[in-house]
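Written below as structure tokens is the structure these notes are about.
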């Protein structure tokens, strides 16, 4: 069985189409089978990965549109390996979660889920700028339908808001992508959109600036980062929970990945020029997101605002513009996704025990007859607040260390974000599981079916907590090659501590 | 793997194994089974600690710093964190104290919490706590230390909120946790300042290269050490990060005994002792530590005289005694500070255990105003309390006398402005005598309260309605609230054994370090502090004798004052309170620290949060940005829509106009 | 004869047809004028075919006539359908397909 990357990308869609044609009862099973196969592929890729190689592995390179220099190029390297694994893991478990419920028009529902997985994998594995933009914009389409058709109250309004806002950013990105390809092709070599080609060509500094801003706009809206997060509250309230878990856990990481894959290597001067601005946006995301998280009472929004804060940390790490920050950001991207999906699952469980309400004022004392649920929820809570001992802490440690070396003041202020995270995460836990039982609350233990989704995810969280080196080791060569190479002149002067003997 | 490493890993991992076994099998273990399993794990862990001690002593003097490595934790981009333990005299000293006292407290808890519906959960958490504390003191690099530090904080939170249906308990839990996280952040930032120069997170490597990486009182080193102190102060409840400790008394009494007296709060002392090469090279930071330690011991002492909750008196006394220890290790009196850590663990755990017995007799009530005359009905408890009290007040020949005395001796020996700390230390000892025996006299002497009378007749007091002693809310006895039965030492052999052992240790512990006679601890810890400039000290005989005599007098004077005020002349306390009303108010309100923090930190944070919710989110983000983006799109699309009139003739006309225009364009162009 | 005369006639007929399409309100008359425009085009095609001496223009004119016939069929069918549904037979009144 070949490990060709195209299989991993197109398998979900194939199973999704098969599900469209099969009888409705089979649709969830086909979708699950597809995600399980992709999970197998992802694990195989991780096992097969050569940690010492900083370059691209498992490369697939075909000319797609020759006249425009667009390649169909997919490859794995340290940057996207663990994001691919994250996608595979979460899609399998969230599809399993979705299969517990009965959806209207199930074949269409699972088809859209599958299409979403294909586009995300495509965006992560694409090594060509045009291909990346295609997949990135394609990612939005299935979520448009998933939210608009199967969402909760006010879903149409929320969907429109989400889609328009995201598309504005994507439009800017498309323009910038075309411009990048065209402006970079000023030499004897023809037009090409492949990353490896673009990275070797230089674009004039002032042009880089607006190109960078356009890409940044698209990515910041997707994450979302303050102050571009206006679509988040309504969007998060309207999406069905399994879909929301995937959206929050995975799609935001594609945006973070986009910064490291595109903005830093292709626009190094602009990255440096806008470093302070991006760090400030990240800092405000952390502080604002945390402040909103500990004053909101809607359980989904607590997680949503907490995600804004966590993504703020990731952007902070990326724009520290050194290898510590970037490594921390990559690890944190994997961690946050792995932690936020079970968190949303737990919100679903909590709301099922609180008469359907997702407001924490209606909850309380849910832990009374549910010690197993309480334990797992506590583990997820501790991981969310990045308690030392969790892999999230290692990520934050590296991020803060990276920022500390370049902008001390920002690092100091950002560390208050760590304290705020403790406040909002523990507040959520205490208000739902502890204190007196709420009026409409019926405390019951985790069912075996729920355990099938929650237990493996929590075990994965514990596994990476004990051995984060597993991920760090594999991303290190690629990350260190991207970040120092983006700042060749500065690297010599940067006060990086020497590796110990 | 050498035997030292093996014993160290066993000591560390046995409590973790205990947690897992109790958590998974707990339901199947009937009655007190979970308690026995957990205590068994602890006993084995203590035995391994003793094994580690023997193995370590079997090595040569210079070799007594052993690294035990498991695997790479985060070795990437310049940092080199592994799962590694550092086994040296300091860590072995700590694991002996921690494992030993924890075993006794586990034994006590087997009986004390019987009938609580959360029995199994308690022992799982308690074992996990011990694992975390052992991880903290055995950690061999900064990152693992921070992990252990945080785990201890988490375990503390889980145990403070043990009766989780009480809002008072959950509020106390989150307060403790958040302040602990502030300490964690301090540790992380401190580590950054230090690793920036040293390039390594490993302790031994950092310490070896310290003199070449930093000049004395280097700004980065001072900043790093001060931030480490922030961590130490948060964990050890020193001013101003101490407000969580009194509230932490919401947890069951064994928790208070273990975590908030004997082990967790001593972590700050351990930290400074471990980091002594850094602190000796940054004397400014060390001085900060000494001053805060001194301030804390005084402030806590004054508060302890005024508060009326039995456990809170003991809690503030802990704060005060830790002030002594922090002052000691900051001033370079490492062995003295750690010796006091050990003796304090003995007598403070004993005091808490005795207090637990009294509170059980009072069916959960902790207010001193409601207690009295238990001398007759709780003789064993009373005896333990007196022993603990005498040790705490520093009366010879109890252990507390020798340890506290040695600290003050070496502080005085430093000279210079340290004399102020010396005097403050004796003032604190005077206050200690007063508040300790105030507590004992009020609870045990005088007329018997109803609960004591019931007990004298042979049965324990059972309230008809269970309620939260702090705020009077009605409760039940299901999981999440305390169980229906309470247990006193007189009726439980397990409790008697634990308390008896500690009483014995509180009496004879001082023998380990009598000035000019025995130097067991000094010699034992020597390998760790070999490079220290402040370790070897030789105070004058005159100072030694003066200190011994002064200590005795001051302690006895305190007890005498307490006797006079609360026994001889019962109305005097009220009169003094009335005369010094503002001063009493200051003490009873804990120097208004909670209020201060509320104004400076909590209210601005809440204001920021509600500002974000109410104003910013609605007006700016939704109104301007989202509204702006969607508005733009809407305006644009309505502009374009204006062209779709629906009139056929209009379309035709546009066609014609366009065509004519195009034709003219090309005609003119050619 | 000079081809210009034929082209002038063609242009004149085309303009009359265009004016009719733009100003008349009855769809039937609009179709008629449309026919006029098409036939004006045919005339121009044939004139040029004659000028160049080959049959290309004439063939194309026949193609145009075919297309015109099809389009008239559809158009008249639409008018019959409108009449059947009792809709006003007035181009200005029928404007539901607006933005």
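Computed from the coordinates by the stated procedures, all read-outs in this text should not be read as laboratory data. All figures in this text were calculated on a predicted structure; none of them were measured in a lab. Cβ placement follows ideal geometry from the backbone for every residue including glycine, while neighbour counts extend to all protein chains displayed.
Result for chain C in a Gaussian network model with C-alpha springs under 10 Å: among C:76, C:22, C:36, the largest mean-square fluctuation is at C:22. Can you work out the PRE-style zone for residue C:69? Point 7 Å along Cα to Cβ, and I want the residues of segment C:23-62 with backbone N under 11 Å. Counting only backbone N, you get C:62.
Cut-off is 10 Å between beta-carbons; in what order do A:423, B:181 appear when sorted fewest neighbours first?
Neighbour counts put them in this order, fewest first: A:423, B:181.
Across segment B:105-249, the volume of the C-alpha convex hull divided among the residues equals 106 Å³ per residue. Sorted into 5 angstrom bins from 0, the C-alpha pair distances of segment A:181-289 split as 2, 11, 18, 21, 16, 12, 9, 7, 3, 1, 0 percent.
For residue A:372 and residue B:208, the FRET efficiency from 1/(1 + (r/R0)^6), where r spans their Cβ atoms and R0 equals 56 Å, is about 0.75.
Does segment A:254-386 come out rounded, prolate or oblate, given a ≥ b ≥ c as the square roots of the eigenvalues of its C-alpha gyration tensor, rounded meaning a/c under 1.5 and, failing that, prolate meaning a/b above b/c? In terms of gyration-tensor shape, prolate. The spacing between segment B:300-376 and segment B:168-187, judged by their C-alpha centroids, is 21 Å. Roughly how many Å is it from the Cα centre of segment A:183-254 to that of segment A:258-325, as a whole number? If we compute the Cα centre of each part, the gap is 13 Å. Put simply, the Cα atoms of segment B:390-432 extend 31, 18, 9 Å along their principal axes, the longest span coming first. If one computes P(r) from the Cα atoms of segment B:189-336, what percent of pairs lie at distances over 27 Å? Cα-Cα pairs in segment B:189-336 separated by more than 27 Å: 26 percent.
Counting every C-alpha pair in segment A:122-179, the share spaced more than 13 angstrom apart comes to 63%. Taking a label point 7 Å from the Cα of residue B:650 along the Cα→Cβ vector, which residues of segment C:52-91 have an amide N closer than 16 Å to it? Within reach of a label on residue B:650, which here means backbone N under 16 Å from a point 7 Å along Cα→Cβ, segment C:52-91 contributes C:91.
For segment A:274-487, the extents of the C-alpha atoms along the principal axes are 58, 32, 21 Å, listed from largest to smallest. With only Cα atoms counted, segment B:566-658 has Rg and Dmax values of 35.6, 116 Å. Averaged over the residues of B:170-178, the number of partner chain Cβ atoms lying within 10 Å of the residue Cβ comes to 4.
Note on segment A:327-400: Rg/Rh from Cα positions, Kirkwood definition for Rh, rounded to two decimals, is 1.07.
Averaged across C:12-18, how many Cβ atoms of other chains sit within 10 Å of each residue's Cβ atom?
Working: counts 0, 0, 0, 0, 0, 0, 6.
Counting other chains' Cβ atoms within 10 Å and averaging over C:12-18 gives 1.
Note on segment A:86-198: semi-axes of the ellipsoid equivalent to its C-alpha gyration tensor, largest first and rounded to whole Å, are 34, 18, 8.
Compute the long axis of helix A:299-318 from its Cα atoms, compare it with the longest principal axis of the Cα atoms of chain A, and write down the angle in degrees, 0 to 90, nearest 10. The angle comes out at about 20 degrees.
Quick check on chain B: helices-only [θ] at 222 nm, where DSSP H runs of length 4 and up contribute -39,500 (n - 2.57) each and the sum goes over total residues. Nearest 500, please.
Values: 29 runs with 447 residues, N = 670.
Result for chain B: -22000 deg cm²/dmol, rounded to the nearest 500.
Binning the C-alpha pair distances of chain C at 5 Å intervals from 0 yields a P(r) profile of 3, 13, 17, 19, 17, 12, 9, 6, 4, 2, 0 %, listed from the shortest bin outward. The convex hull drawn around the Cα atoms of the protein assembly as shown, when projected onto a plane and averaged over every direction, covers 60.6 nm². Rg over Rh for chain B works out to 1.14, using Cα positions for both radii and the Kirkwood form for Rh.
Nearest 0.05, what FRET efficiency do residue C:58 and residue C:1 give at R0 = 22 Å with Cβ-Cβ as r? Please list the in-between numbers first.
On the way: r = 18 Å, r/R0 = 0.80.
The formula returns an efficiency of 0.80 here.
For segment A:274-487, what's the relative contact order in percent, using C-alpha pairs closer than 8 Å and at least 6 residues apart?
Worked out over segment A:274-487, it gives 29 percent.
Taking the centroid of alpha carbons for each part, segment A:4-47 and segment B:620-670 are 44 Å apart. The long axis of helix A:371-384 is offset from the longest Cα principal axis of chain A by roughly 30 degrees.
Based on the mean of other beta carbon atoms within 10 Å per residue, what is the order of A:75-88, B:473-486, A:155-168, B:6-19, most packed first?
The packing order, highest mean first, is A:75-88, B:6-19, A:155-168, B:473-486.
Between residue A:440 and residue A:59, 0.36 nm times their residue separation minus their Cα-Cα distance comes to what? Kindly include the intermediate steps, with their values, before the conclusion.
Working: separation 381, 0.36 × 381 = 137.16 nm, distance 5.55 nm.
Stretched fully, the residue A:440-residue A:59 segment lengthens by 131.6 nm.
In this rough spin-label picture, where each label sits 7 Å from Cα along the Cβ direction, the residue B:657-residue B:638 distance is 2.2 nm. Note on residue B:531/residue B:556: beta-carbon distance plugged into 1/(1 + (r/R0)^6) with R0 of 56 Å gives a FRET efficiency of 0.90. How much of the pair distance distribution for segment B:428-580 lies past 24 Å, counting alpha-carbon pairs only, in percent? Here the long-distance tail beyond 24 Å is 64 percent of all Cα pairs in segment B:428-580.
How tilted is helix B:334-361 with respect to the longest principal axis of chain B? Cα atoms for both, answer in degrees (0 to 90, nearest 10). Approximately 90 degrees, to the nearest ten.
Taking N as the residue count of segment B:1-157, its C-alpha radius of gyration divided by 2.2 N^0.38 Å amounts to 1.08.
Distance from a point 7 Å along Cα→Cβ of residue B:519 to each backbone N in segment B:326-352: keep the residues under 16 Å and list them by number. Backbone N within reach: B:333-337, B:339.
Which value in Å does the Kirkwood hydrodynamic radius of segment B:361-459 take, with 1/r averaged over all unlike C-alpha pairs and then inverted? Before the final figure, lay out the partial values.
On the way: mean 1/r = 0.0655 Å⁻¹.
About 15.3 Å, per the Kirkwood formula over Cα pairs.
Site pair residue B:606 and residue A:201 shows an inter-label distance of 5.9 nm when each label is modelled 7 Å from Cα along Cα→Cβ.
Here the Kirkwood formula puts the hydrodynamic radius of chain A at 22.7 Å, using every distinct Cα pair.
Working from label points 7 Å from Cα in the Cα-to-Cβ sense, the residue A:104 to residue B:594 distance is 5.3 nm. Taking the helices alone, chain A has a mean residue ellipticity at 222 nm of -23000 deg cm²/dmol, built from -39,500 (n - 2.57) per DSSP H run of at least 4 residues and averaged over all its residues.
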